[in-house]
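What follows is a set of notes on a single structure, which appears directly below.
The values are calculated or read from the model by the stated rules, or taken from the named source; none is laboratory data. Keep in mind that what you see is a predicted model, and the values were worked out from it rather than measured. Reconstructed Cβ throughout: ideal geometry from the backbone, glycine too, with neighbour counts over all protein chains shown.
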Amino acid sequence: MDFCHRHNLVDPDTANAERKFGIKVSLPPGDTFSEILGNDWQRVHWYASEVERDQAFDNMAQRHGYYRTTDNPTQVLQKIVR
C-alpha cells in the first residue's frame with residue numbers, strides 16, 4: 001500500500017505488523033454528536049504492544065489544549081485485546 005501523506009495513522013514501516021491491543025472510541029448514549037455520526041459510531045485504533053496502546057490511551061484521555069474552556073469532550077475510551 002502506498003502512503004503519500006505523513007499524517008496517515010499507519011506508519012508504512014509497520015503497516016503489516018500484527019496488532020492485538022486496541023482502543024475503542026465511541027460516544028456515550030444520547031450524545032448530540034451522534035446526530036451527525038450516528039448512534040452506532042465507533043473507531044478502533046490498534047497497537048502492536050500493550051505499552052504502546054497504554055501510552056496512546058493516556059494521551060487520548062487528556063484534555064487537549066485546543067478545546068475551548070467551555071468545551072467538554074464526551075468520547076468514551078475502552079482498552080480492548082483481540
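Worth a mention:
- Filter result for PHE33 (modelled with pLDDT of 90 or more and within 17 Å of the chain's Cα centre (by Cα)): no
- Taking the range 18-40 as the range and being among the aromatic types (Phe, Trp, Tyr) and either in contact with a helix residue (DSSP H, G or I) (Cβ under 6 Å, 6 or more places away or on another chain) or within 19 Å of LYS79 (Cβ to Cβ) (or both) as the test, only PHE21 passes.
- Under the condition of being under 17 Å from LYS24 (Cβ atoms), exposed (fewer than 13 other Cβ atoms within 10 Å of the Cβ) and among the acidic types (Asp, Glu), the residues counted in the range 53-82 number 1.
- Considering each residue of the range 13-26 in turn, at least one proves to be closer than 21 Å to ASP71 by Cβ and either of a type in the set (S, T, N, Q) or assigned to a loop (DSSP other than H, G, I, E, B) (or both).
- Residues of the range 43-82 satisfying the condition of being more than 8 Å from ILE23 (Cβ to Cβ) and either touching a residue at least 40 places away in the same chain (Cβ under 8 Å) or among the small types (Gly, Ala, Ser) (or both): ALA48, SER49, ALA61, GLY65, THR74, GLN75, VAL76, VAL81, ARG82
Residues checked against (1) surrounded by 13 or more Cβ atoms within 10 Å (Cβ to Cβ); (2) modelled with pLDDT of 90 or more; (3) over 15 Å from ILE80 (Cα atoms):
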position	(1), (2), (3)
ARG6	no, no, yes
THR14	no, no, yes
ALA17	no, no, yes
LYS20	yes, yes, no
PRO28	no, yes, yes
GLY38	no, yes, yes
TYR47	yes, yes, no
VAL51	no, yes, no
